[in-house]
Structures are given as C-alpha cells and as structure tokens.
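In what follows, a single structure is set out as structure tokens and then discussed.
The values are calculated or read from the model by the stated rules, or taken from the named source; none is laboratory data. Because the structure is predicted, anything quoted here is derived from the model rather than measured. Because the Cβ atoms are built from the backbone with ideal geometry, glycine has one as well, and the counts that use them run over all protein chains shown. To get the accessible areas, we keep the full protein, side chains included, count just its heavy atoms, and leave off ligands, DNA and RNA. Shrake-Rupley method; radii C 1.70, N 1.55, O 1.52, S 1.80 Å.
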Amino acid sequence: MDARPFRRHRARHLARRRVLAAAASLAAVAAAVLVTVAQATTGAHAAAADTSYLTVGATAARRTAAPIDTQALPALGTVMPKFSCAQLASEDFSQVQGAPTTILSATQVTPAGSFPYCDVKGVVAPQVQFELQLPTDTYAQRYLQEGCGGYCGNVGVSQPAASGQAGINECVPLNNGEFALGQDDEGHIGGGNTEAWAIDDPVLKLDFGYLSEHIFSVAAKAIIASFYGQAPRYAYYDGCSDGGREALMEAQRFPRDFNGIIAGAPAFNQAALNAMEEPYESVTDATPSGQPILTAAQSAVLHTDIISQCADPGLRDGTIQDPRDCQPDWAKIQCPAGQTSNCLTAAQVAAAQRLYAGAVAPDGEHLYTGGEPYGAEGAWPGIVIPGGTAPGPPPLPGTTPEDTTFFHGIGIGYLRWVGRWQDDLNLDLDHGFAFDQQTFAEYVAHDNPTNVSSIVDATDPNLTAFYRAGGKLIQWQGWADQFIPPYGSVAYRQAVVDTMGAATVSKFYRLFMFPGVYHCGGGYGPNVFDLLTPLANWVEAGHAPSSVVAALVSGGTGAAGTGPATGTVELTRPVYPYPEEVRYSGSGDPDVAASYVGFTPTAQHDDNIKWAGFPFRSGYEEWCRLGADAKALVCARRGERGTT
C-alpha cells in the first residue's frame, strides 16, 4: 500500500541496461571463437555413475553432495542443440515476458575427460547476472538451477553455498552431463559483511528478497528452449543456506517454476535470523570490554564433554541423533575448586548456556526458534565466537574481538543496510542495541511496513499450490549446524503438517536431519550423501525416498571443503525422514548402513516451537512493483486494494 523511495534508481538501471546492451554486442562477436579448455571445471564431471561413497573402505570424494547416480535416473533420451554455441550469443531474448534478457557471451568449453558444454553468461533486467552450462553432447532434458549463499553477490555454477565461509562448497550435486546447470547472483554484486549494494536501492532488495530466482528461471528456460528446440522436461532447484531460503521461496511464491526442489539448511526465517539470532549470539559471549568469555580453546573442551555425555550409543558413530535429547550435567563440565584446565569456568558455562538458548528478550521470550545445537561447539570459533585461542587486543581501533565473528558481520550488515527500507548506516551492536520485543517489531514483524521481512522471509507453511502442481520437496539440515540453528527446520515442517495435514504432506515433502553434520556439509558425522537422485526418481518415477545413505569419509572433520579432496569411506549410516531416527539392528557390520533400521521414537518433541513470531502463517507476503510514475516501489499483499 505504501510507496518506497526509488529516487534516482530508474535512471541508474536504464544506464546499466545501455551498458549491458553494448557489452552484449561486443560479446557476440568475441563468442564466435570456440575455446577449448584443457582442464576440468568445477561444474563439469564425468558422466559415469559413482556410488563409491556407499562402500566402506572405498576411496571417495569428501564433498557433501555425492555424485548423481546416473544408472538410477529414468532414461529420458539425449537432445542435441539446434545450432552452435557461438550462434546462441546473437539470439535475442529481450522480449522474454517478465524477464528481458541479454546474453553477454556464449563460449564452447571442452574440459579434458568430461562433457563439453556451452558456457552462457548474461543478465536479466535490471541486473541479475547469471551463468548457464548447456551440455552439447549429453543433455537429457533436465535443468538444475543452483542457489547461492550468504547475501550472494557473485555468480558461478557450483560456487560456494554460503559466502563468508572458507571452503564451503558442498550443497550443489556433482553434475553428470545430463543436466543443464544455472546460477545467478540474486541481482547484485558483492556480499559478505558490508552490504553496500543494498544502500538506498529498494529494487535490489526486492530482487534479493524473492524475485531473482524466479526471473532467472524464466530466462533460463527460454534460452534452453531456443538452444535445444524444446523446453526442459523437468526443472529442479537445489540450494543451501540462503540458497535453501531461495528454494523454499520458489515453492511458496512460484510453485510452477520447478518440479523438484532441494532446500538445504534454509535461512528461511531470515529477518529473525539476521536481525535477532546472529547479532545476539555475537555479543552474548562478550565481557563489557568486548573480550570473549568462551574462547576457541574452551569450546573444544566443551565439545568433547558434550559428545561424551550425549552421543547416541545407538548410532555407534559419536554423534547426537537429536540435540534436544541432550541434558548435560554441567557439574561435570565446570571446573571444580583448584582445577583450571580441561574444564570451563562458571562464567564460561553461563556463556555457553546463553549460546544454546539463542536470542532471548529480557522477559524470557525467544526471539528466534532456538539457539546453537548441542554438538556444534567445535565449529563455533570464527563463526559464533572469536577464532583466537585466548583473549587479545582489539583487531582494529574502535572494535572488539567479538566484532570479528561471522555472526557479527552478517548481523550488522543486515541491520544497517538490508533489513529495513530506510538504511541505518551508523547502527552499532555494541552500544545500546536492545534485544527485545520492540526491536523485534522494528525488524522482524511482518505487519511493519518499514522492514523487508515480508519480502525476504520464506516461512509460509501453505504449499498447496506447489503440491497441486505436482512438485516434490526435500528439505535437509545438519543437526550440528553452527550457522543456522536446526530447530527452525523441524518447526517449519510441523507448520506445514498443521496447515495441510500429515497425509497430504507425505505425498510431496520430506525432511532429512543429519547427525553430526555442520552447515551445508562437513562435520564429524556421516556427511557425504546424494539427494538429487532420489528427488529425480520421486518426480519422474513416483518413487518417494524412504531413506538416504550418508557416508563418513576420512580426511578431516572441519568445515566443509577443507582438507583433502578424497578420503576413505569409514562408515555409512541410513537417515530416515524426520521424525524417524536410527538404531543398530542387533546384527551385521556396525560400520555399514544396512545394519541399521529406522524407528519413530515413542516420546516425540513438540515441534510447535514457541517464539515471538509463532506460529508460521500464510498471507504475510508482499508483492512489489514499480509504480506508474516509475519513481516508487509499490508493495501490497495479495487481495489488498489501493496498491498504487
């Protein structure tokens, strides 16, 4: 109903379009030369099926997304391009409805030992940059669009799943040459801790919020249809972290864009996550002078103690099957009188308990759906708490060690530049920022037109349109996720069940929770698995996944993507759809998944998690467009009148 300032951005975007058009003309000439690349790219892999991660003792890749099982996919037949890759650069896609598109380059790429493809780069108006990899010999009528992490701001097929995390590149499945692949930058360049792209630019906030993935999917399908002479038979979406939010956003707002969706560790409750949970966690471990209370060294001690007390003996792999079952005996963790090593002080225990609780208002009301899970402590340094092993001087004048954490950076970026239509460039978490219901209403409440929660949140539990369109959804998360507390995933599933009924939900939606797995991969539990093959079989053949197998591959237990590229499969475990859990069958090799069975716990947790935004509900979404004068962004909820 309200008009958000657009100011000089219309002229700016028109200028961008002129520049892009000129670049396209030059690129069309340059793209006539075919380039052969002598080395494999990150998005191109051999077509042969690789299920080595399923066999204990085998050598397998340590990447969380295991290779697609080519032999298990339904055979659709190969479709060849109708013209050369170079010619694609000169095709006109400026009239694609709702997604005017300019192709900047189209380059033939022939990686050694892998499949050749046409690498297409371009822009969807106003400035959603993208890349498509279109196989030229092996395309089997499937399109896979990949999500982006953090605040995105860059583009590259099979790029990292979350910005700000070294080595995280685990959410996108390895391709086998049968899929056309695509990814975009969510409409802006740059992302991380300083979100300058969002300053005074509501259009870019809109593209980041919910629009970029939709318009890119429209453009990508148009380009694919032109290149191969037919639209993709099946379209899939896979994303993790913010990419998981994008995935749920597609199912909720644009239910016909994709036949199948994988939503990994989704930041779907984004306003509360970025404005409340992460900023709160970044300051609750600090002394009044900004020094960390719980240091990296103590977090390692804490992790050892938590695992020793709470690891599920039924799993036989040192992981916690559900952190909510963990009830630590803090007397065994806190230092007794006279002991100063391999234990925590009373202040450190209190700090840890605050991290586990998550953002809480002074009256005790939770401002998010939960805090850090038991079992994630080993991944806290640098993310939740400072990465140093001991207190030290401020890293920069005017800052504290707590200011160096990922949570502080992404939280301050949201609060200053992203979270409200009017920016607050001078906001400071260290001086007077209150974690209470008033601040929650300012940044998170959907009925407050000054914040952007109604365009960035993907919390709508009514997926009826997606279900009726035949869509299938697999959501997953690690129980030891250090970035996004996993309790939100089970709360969202419960909201969907409450809204649509368990019988209906079982026909199109599965949630898999992986013990001992960090954010988007890595960790100390079995963290190598394939979700794309079961999703495709569900969509194309009607075979719903009853379980998936995950492998623990040696070579390191740190953040995903760190350590050697390959290792030895140490053990495998089945993971069943939540709320099912796993236990040893009583016979067979305890390292092999086949020796374990699924069961539903007799006593189940209440997944209707009570917090300031409870319950997740429908109808909060705003839809925005430029007003008639092209000077204001006009937003309204569906069904409202007087939108101009």
Original post:
In the list Val549, Val553, which residue meets the criterion of being under 15 Å from Arg63 (Cα atoms), at pLDDT below 95, of a type in the set (Val, Ile, Thr) and touching a helix residue (DSSP H, G or I) at 6+ places or on another chain (Cβ under 7 Å)?
Top reply: Val553
Original post:
Picking from Ile410, Ile484, Ile455, Ile474, which residue would you name as being of a type outside the set (S, T, N, Q), modelled with pLDDT of 95 or more, assigned to a helix (DSSP H, G or I) and in contact with a Gly (Cβ under 9 Å, 6 or more places away or on another chain)?
Top reply: Ile455
Original post:
Looking at (1) farther than 22 Å from Pro381 by Cβ; (2) open to solvent by 40 Å² or more (accessible area, probe 1.4 Å); (3) in a loop (DSSP other than H, G, I, E, B), can you tell me which one Asp430 breaks?
Top reply: (1)
Original post:
Does segment 84-101 hold any residues that are open to solvent by 40 Å² or more (accessible area, probe 1.4 Å) and either touching a residue at least 60 places away in the same chain (Cβ under 8 Å) or more than 21 Å from Pro232 (Cβ to Cβ) (or both), and which are they?
Top reply: Ser90, Glu91, Ser94, Gln97, Gly98
Subject >> Subset of segment 82-129 [among the charged types (D, E, K, R) and either assigned to a helix (DSSP H, G or I) or more than 27 Å from the chain's Cα centre (by Cα) (or both)] >> reply: Lys82, Glu91, Asp92
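Tally the residues that are open to solvent by 60 Å² or more (accessible area, probe 1.4 Å) and assigned to a loop (DSSP other than H, G, I, E, B), restricting the search to segment 570-582.
Step one: filter segment 570-582 for residues open to solvent by 60 Å² or more (accessible area, probe 1.4 Å), giving 570, 580.
From the residues that got through so far, the ones that are assigned to a loop (DSSP other than H, G, I, E, B) too are 580.
Count: 1.
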Original post:
If a residue has to be within 27 Å of Ala357 (Cα to Cα) and modelled with pLDDT under 95 to count, how many in segment 603-644 make the cut?
Top reply: 2
Original post:
Hey, Gln604 hits all of (1) without any contact (Cβ under 8 Å) to a residue 24 or more places away in the chain; (2) of a type outside the set (A, V, I, L, M); (3) open to solvent by 50 Å² or more (accessible area, probe 1.4 Å) but one; which does it fall short on?
Top reply: (1)
**OP:** Kindly indicate whether Gly290 is over 25 Å from Leu367 (Cβ atoms) and at pLDDT below 95.
**Re:** no
Original post:
Residue check: is Leu425 farther than 28 Å from Thr499 by Cβ, part of a loop (DSSP other than H, G, I, E, B) and touching a Lys or Arg at 6+ places or on another chain (Cβ under 9 Å)?
Top reply: yes
Original post:
Only one of (1) within 22 Å of Asp607 (Cβ to Cβ); (2) assigned to a loop (DSSP other than H, G, I, E, B); (3) out of contact with any Pro (no Cβ under 8 Å at 6 or more places or on another chain) is not met by Ala263, so which one is it?
Top reply: (2)
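Only one of these is closer than 30 Å to Met80 by Cα and either of a type in the set (Val, Ile, Thr) or crowded, with 23+ Cβ neighbours inside 10 Å (or both): Gly209, Gly239, Gly244. Name it. Working first, answer last.
Numbers: Gly209 fails: closer than 30 Å to Met80 by Cα; Gly244 fails: closer than 30 Å to Met80 by Cα.
Criteria check complete, one pass: Gly239.
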Original post:
Ala75 is checked against (1) at pLDDT below 95; (2) touching a Leu at 6+ places or on another chain (Cβ under 7 Å); (3) open to solvent by 30 Å² or more (accessible area, probe 1.4 Å) and fails just one. What number does that condition carry?
Top reply: (2)
**OP:** Give me a count of the residues in segment 130-152 that are open to solvent by less than 10 Å² (accessible area, probe 1.4 Å), without any contact (Cβ under 8 Å) to a residue 60 or more places away in the chain and assigned to a loop (DSSP other than H, G, I, E, B).
**Re:** 0
Original post:
Is there a residue in segment 109-117 that is touching a helix residue (DSSP H, G or I) at 6+ places or on another chain (Cβ under 8 Å) and either surrounded by 20 or more Cβ atoms within 10 Å (Cβ to Cβ) or under 20 Å from Gly229 (Cβ atoms) (or both)?
Top reply: no
**OP:** Can you work out which of the residues in segment 326-363 that are of a type in the set (Ser, Thr, Tyr) and surrounded by fewer than 17 Cβ atoms within 10 Å (Cβ to Cβ) is modelled with the highest pLDDT?
**Re:** Thr345
Subject >> Candidates Tyr524, Tyr518 - the one that is farther than 24 Å from Tyr280 by Cβ, of a type outside the set (A, V, I, L, M, F, W, C) and open to solvent by 10 Å² or more (accessible area, probe 1.4 Å) >> reply: Tyr524
**OP:** For segment 283-300, name all the residues that are within 29 Å of the chain's Cα centre (by Cα), of a type in the set (A, V, I, L, M, F, W, C) and buried (at least 19 other Cβ atoms within 10 Å of the Cβ).
**Re:** Val283, Ala286, Leu294
**OP:** For residues that are closer than 19 Å to Tyr368 by Cβ and surrounded by fewer than 24 Cβ atoms within 10 Å (Cβ to Cβ), tally how many sit in segment 415-426.
**Re:** 1
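State all residues of segment 227-254 that are in contact (Cβ under 8 Å) with a residue 60 or more places away in the chain and in contact with a Lys or Arg (Cβ under 8 Å, 6 or more places away or on another chain); if no residue qualifies, say none. Walk me through how you get there before you give the answer.
First, the residues of segment 227-254 that are in contact (Cβ under 8 Å) with a residue 60 or more places away in the chain: 227-230, 232-249, 251-253.
Answer for segment 227-254, where residues must be in contact (Cβ under 8 Å) with a residue 60 or more places away in the chain and in contact with a Lys or Arg (Cβ under 8 Å, 6 or more places away or on another chain): Phe227, Tyr228, Gly229, Pro232, Arg233, Tyr234, Ala235, Tyr236, Gly239.
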Original post:
Within segment 583-596, can one find any residue that is open to solvent by less than 70 Å² (accessible area, probe 1.4 Å), assigned to a strand (DSSP E or B) and modelled with pLDDT of 95 or more?
Top reply: yes
**OP:** Pull up segment 301-325, narrow it to residues that are part of a loop (DSSP other than H, G, I, E, B) and charged (D, E, K, R), then point me to the one that is least open to solvent (accessible area, probe 1.4 Å).
**Re:** Asp322
